[in-house]
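First the structure, in the form of structure tokens, and then the observations on it.
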């Protein structure tokens, strides 16, 4: 029996034989607590990054502590026993790695190393679409267009294709069907004017499909700021409806089935000018993606702070080797850079506090 073997091995040993073991256990606990405290005090990382780093550090130190504990046992001098225990630990780790916890952790490390997306980016995975609000070791959190937060295991993120909207801009498009009685030359001008009115750059029109009763068009344009993706899609649809209504052109999408009256008049929405209040209404992204927006701004501010620190180091290095005539100018630049770093630090503190209160 295992416990009989344990008691047999423990016979004849006094408390002094276990002192190295107790020292290793105590040292491991102290080192883990100190490392977590140092990680939590990092001001350049948000709550998600601090938690992610803390998890990595804790796992690594615990593994080292287990290895130290093996060799600190009273029978640690017996290499066969030590390596047998080590083999059991490795075997147990391999067995656990097939489970979801280790699988999610390994997937989280891979996602971080690939860095295909970051907090604040729009992503689409399976039936989920939203902006990344948090990246952890075991999961990724996204904020949906309903302002809800969805936690997706990292193993799922790794095993399924993820569509990432590039932060440098994306294409906003809409499809609709128009009858064959309307010339595509006329529609092209109308669609381009509607897209330009929404702030889209370099709009274009594609004829996607020739249907039985109508032609399917795709109206698209480049959106420079993807943070307004939802509002821009809605504005494009509304602009197309208004433009076609003014031109008395009937939309027949996605499918139009109706019985016409004798005079065969088309059904067109009556023209109406927008109200004053609607012109200054806040966009949907202002409230929907609040956490993801804060996470994105924090990520950008942290990158700006790192770049500002590097530039400050370069200025100080240049100042030490500069001539007496150039030093006043460089000192002024150093002062401006230091004030810029202070503003970035305060902004990071405010954003971090805002995210922690979510």
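For the range 130-139, indicate whether the set of residues that are assigned to a helix (DSSP H, G or I), within 12 Å of the chain's Cα centre (by Cα) and touching a residue at least 40 places away in the same chain (Cβ under 8 Å) is non-empty. Let's see the steps before the verdict.
As a first pass, look at the range 130-139 and keep what is assigned to a helix (DSSP H, G or I): none.
The answer is no; no qualifying residue exists.
Looking at (1) under 23 Å from the mean Cα position of the chain (by Cα); (2) at pLDDT 65 or above; (3) closer than 30 Å to residue 178 by Cα, find the lone condition where residue 283 falls short.
(2)
Residue check: is residue 56 modelled with pLDDT of 75 or more, surrounded by 12 or more Cβ atoms within 10 Å (Cβ to Cβ) and within 27 Å of residue 119 (Cβ to Cβ)?
Yes: the conditions hold for residue 56.
Under the condition of being modelled with pLDDT of 90 or more and assigned to a strand (DSSP E or B), which residue from the range 211-238 is farthest from residue 180 (Cα to Cα)?
Filtering first and then ranking leaves 223.
Counting only residues that are in a loop (DSSP other than H, G, I, E, B) and surrounded by 14 or more Cβ atoms within 10 Å (Cβ to Cβ), how many does the range 174-192 have?
1
Return the only residue of 227, 166 being closer than 30 Å to residue 109 by Cα, surrounded by fewer than 16 Cβ atoms within 10 Å (Cβ to Cβ) and touching a helix residue (DSSP H, G or I) at 6+ places or on another chain (Cβ under 8 Å).
Exactly one residue qualifies, and that residue is 166.
Specify which of the listed residues (349, 310) is loosely packed, with under 14 Cβ neighbours inside 10 Å and modelled with pLDDT of 85 or more.
Of the residues listed, the single one that is loosely packed, with under 14 Cβ neighbours inside 10 Å and modelled with pLDDT of 85 or more is 310.
Of all the residues that make up the range 104-125, how many are surrounded by fewer than 18 Cβ atoms within 10 Å (Cβ to Cβ), within 24 Å of residue 230 (Cβ to Cβ) and touching a helix residue (DSSP H, G or I) at 6+ places or on another chain (Cβ under 8 Å)?
Kept after step one, since they are surrounded by fewer than 18 Cβ atoms within 10 Å (Cβ to Cβ), are these residues of the range 104-125: 106, 109-110, 112-116, 118, 124.
Okay, now just the ones that are also within 24 Å of residue 230 (Cβ to Cβ), so 116, 118, 124.
Next, from what is left, pick out any that are touching a helix residue (DSSP H, G or I) at 6+ places or on another chain (Cβ under 8 Å): 118.
Qualifying residue count for the region: 1.
Just to be sure I understand the filter: pairs with C-beta atoms under 7 Å, separated by 6 or more residues or on different chains, first member in the range 161-175 and at positive phi, second member buried (at least 17 other Cβ atoms within 10 Å of the Cβ) and not in a loop (DSSP other than H, G, I, E, B). Which pairs pass?
Matching pairs, first to second residue: 169/223; 169/226.
Got a number for residues in the range 140-163 being within 14 Å of the chain's Cα centre (by Cα) and loosely packed, with under 14 Cβ neighbours inside 10 Å?
Matching residues across the range 140-163 total 2.
The values are calculated or read from the model by the stated rules, or taken from the named source; none is laboratory data. Computed from a prediction, not measured in an experiment: that's the story for all the values here. Here the Cβ is made from the backbone with ideal geometry for all residues, glycine too, and neighbour counts use every protein chain on show.
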